[in-house]
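Asker: Right, I'll just put the structure down here and ask away after.
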Amino acid sequence: PLDLSFSTVFFYWIRKAQFIGGKAAGFYTIPYYPFQPHQAAGATIAIFVIVLWIGRKHFQEIAKKIIGMFTIIDDSMEPMRYRTAALGTVICFLLLYVICRWAGMSTWVFLLFFGLYVIISVTVTRIRAELGPPVHNMGGVNPQTILMTIVGTRPFGTNNLVVFSLFSWFNGSNRSHPMPHQLEGFKLAHHTGIGHKRLIWVMALTIIPAVFSAFSIYLYALYRYGASVAVDAPGQVLGPGQSTYQQLASWLQSPRPSDLYGTLAILLGFAFTMFLGAMRLKCVWWPFHPVGYVTGINGGTLDHFWFALAISSSLKYCFLKYGGARLYRRILPFFLGLVLGDVVSGSYWSILSVIVQMPLYVV
């Protein structure tokens, strides 16, 4: 959407302005300034609250369906019955709780940690499936950042901090979160007429071997090259072993108190996003999208995309303003072709790199 792409670029430059303004004002003496992950974390929680509020009546009907009360809602066409999905969720969380307790995580930490993780997961999924931004790589927007910012590291103790580090592989960055892709798949199935119930079995049968394959390949690479050497991406300074355990060592050797400024940044990010959401609901002319603040204010992959977003936003505005929906539909295949060409060329170099066993272009 045009307001989202414009807002993302706008808040990207706001982020740059925070760096420049902070340098000029001497705020760089404050650790973690300008608190980009903290702002984005507060904004993520706010979007979750907005989603709950907008869909509150629908969620109430779902709750009635789950507990067996009379409701007008019909879930026969859904990929899974609501009651079945709720039961499966409860069973999975109970098994997850057992694993976490064996690992040393406290019950109260488990509830807070995975409560926040669910909030972040739902928000990222909603953003991706409804609005389709090119990236949602919100690095640092995770439960441990929020919890340790608010209360510090001491209250958690050694066992919980160790589990936090070991869990960083699935919540350090939300770029590869599976939930948005799953919901996107159901959305595509709805538009193309593919049966939802068949798709859910295809997903399940694909995920199970994929998980085992990924773990096996990653484990092989780490043992062959060393967890302190093997890197995930070009330019990454630390390998996964170093980045995980050096972070844990800093928590244990230099315990941090609660971060007042970081907590304030979370609260301000939450309040500002609620303001953006209210203005967007009440004022048709309002140009800023709350999701643009989430994706634009935090550093990451967007730094490579902002100029492409600026160009595409300008072109889209001109096409819609001067040619209307008819011209927009006519030129849309050309831009979809650009996306397809980018994917094909990137895949070609990756596959060829594997075949010839040497590094080639990285896309």
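Asker: Scan segment 272-300 and report the pairs whose first residue is farther than 14 Å from Pro1 by Cβ and whose second residue is of a type in the set (Gly, Ala, Ser) and part of a loop (DSSP other than H, G, I, E, B), with Cβ atoms within less than 6 Å and a gap of 6+ or a chain change.
Answerer: Close Cβ pairs satisfying both conditions: Gly300/Gly139.
Asker: Continuing with the same structure: Within segment 75-110, restricting attention to residues that are within 11 Å of Asn160 (Cα to Cα) and touching a residue at least 12 places away in the same chain (Cβ under 8 Å), which residue is most open to solvent (accessible area, probe 1.4 Å)?
Answerer: Ala103
Asker: While we're on this one: Could you list, in sequence order, all residues of segment 304-363 that are free of Cβ contacts under 8 Å to residues at least 24 places away in the same chain and among the aromatic types (Phe, Trp, Tyr)?
Answerer: Of everything in segment 304-363, those that are free of Cβ contacts under 8 Å to residues at least 24 places away in the same chain and among the aromatic types (Phe, Trp, Tyr) turn out to be Phe307, Phe319, Tyr322, Tyr328, Phe334, Phe335, Tyr348, Trp349, Tyr361.
Asker: OK, next. Contact list please: Cβ distance under 7 Å, first residue in segment 246-271 and outside any loop (DSSP other than H, G, I, E, B), second residue of a type in the set (Phe, Trp, Tyr) and surrounded by 13 or more Cβ atoms within 10 Å (Cβ to Cβ), pairs at least six apart or on different chains.
Answerer: Tyr261/Phe35; Gly262/Tyr32; Gly262/Phe35; Ala265/Phe35
Asker: Here's another thing I want to ask about it. Please find, among Val90, Val51, the residue that is touching a helix residue (DSSP H, G or I) at 6+ places or on another chain (Cβ under 9 Å) and part of a helix (DSSP H, G or I). Give the derivation first.
Answerer: Working: Val90 fails: touching a helix residue (DSSP H, G or I) at 6+ places or on another chain (Cβ under 9 Å).
None of the other options fit; the residue is Val51.
Asker: Answer yes if at least one residue in segment 39-58 is in contact with a His (Cβ under 8 Å, 6 or more places away or on another chain) and either touching a residue at least 24 places away in the same chain (Cβ under 8 Å) or crowded, with 17+ Cβ neighbours inside 10 Å (or both), and no otherwise. Reasoning before the result, please.
Answerer: So in segment 39-58, the residues in contact with a His (Cβ under 8 Å, 6 or more places away or on another chain) come out as none.
No, there is no match, as no residue in segment 39-58 is in contact with a His (Cβ under 8 Å, 6 or more places away or on another chain) and either touching a residue at least 24 places away in the same chain (Cβ under 8 Å) or crowded, with 17+ Cβ neighbours inside 10 Å (or both).
Asker: Return the total of residues in segment 130-146 being in a helix (DSSP H, G or I) and open to solvent by 30 Å² or more (accessible area, probe 1.4 Å).
Answerer: Residues of segment 130-146 in a helix (DSSP H, G or I): 130-131, 143-146.
Checking which are open to solvent by 30 Å² or more (accessible area, probe 1.4 Å) leaves us with 130, 145.
Number satisfying all stated conditions: 2.
Asker: Also, quick follow-up: So Ala249 passes all but one of these: (1) at pLDDT 90 or above; (2) more than 27 Å from Val51 (Cβ to Cβ); (3) not β-branched (Val, Ile, Thr). Which condition number does it fail?
Answerer: Among (1) at pLDDT 90 or above; (2) more than 27 Å from Val51 (Cβ to Cβ); (3) not β-branched (Val, Ile, Thr), Ala249 violates only (1).
Asker: Please count how many residues of segment 111-129 are of a type in the set (A, V, I, L, M), modelled with pLDDT of 90 or more and open to solvent by 20 Å² or more (accessible area, probe 1.4 Å).
Answerer: Number satisfying all stated conditions: 6.
Asker: Please go through (1) open to solvent by 30 Å² or more (accessible area, probe 1.4 Å); (2) part of a helix (DSSP H, G or I) for Ser5 and return the number of the only condition it doesn't satisfy.
Answerer: (1)
Asker: Exactly one condition in (1) of a type outside the set (Val, Ile, Thr); (2) within 30 Å of Pro155 (Cα to Cα); (3) in a helix (DSSP H, G or I); (4) modelled with pLDDT under 90 is false for Gly296; which is it?
Answerer: Answer for Gly296: the failing condition is (2).
Asker: Give just the number: which of (1) more than 24 Å from Cys92 (Cα to Cα); (2) in contact with a Lys or Arg (Cβ under 8 Å, 6 or more places away or on another chain); (3) at pLDDT 90 or above does Ile150 not satisfy?
Answerer: It is condition (2) that Ile150 fails.
Asker: Evaluate the following for Ser228: is it more than 27 Å from Ala129 (Cβ to Cβ), among the hydroxyl-bearing types (Ser, Thr, Tyr) and at pLDDT 85 or above? Before you say what the answer is, go through the steps one by one.
Answerer: Values: more than 27 Å from Ala129 (Cβ to Cβ): yes; among the hydroxyl-bearing types (Ser, Thr, Tyr): yes; at pLDDT 85 or above: no.
Against the criterion (more than 27 Å from Ala129 (Cβ to Cβ), among the hydroxyl-bearing types (Ser, Thr, Tyr) and at pLDDT 85 or above), Ser228 does not qualify.
Asker: Quick check on my filter: what residues within segment 99-129 are among the small types (Gly, Ala, Ser) and part of a loop (DSSP other than H, G, I, E, B)?
Answerer: Gly104, Ser106
The values are calculated or read from the model by the stated rules, or taken from the named source; none is laboratory data. Values in this document were obtained by computation on a predicted structure and should not be read as measured data. Using ideal geometry, Cβ is built from the backbone for each residue, glycine included, and neighbour counts are taken over all protein chains shown. Surface accessibility is based on the protein's heavy atoms, side chains included, excluding ligands, DNA and RNA. Shrake-Rupley method; radii C 1.70, N 1.55, O 1.52, S 1.80 Å.
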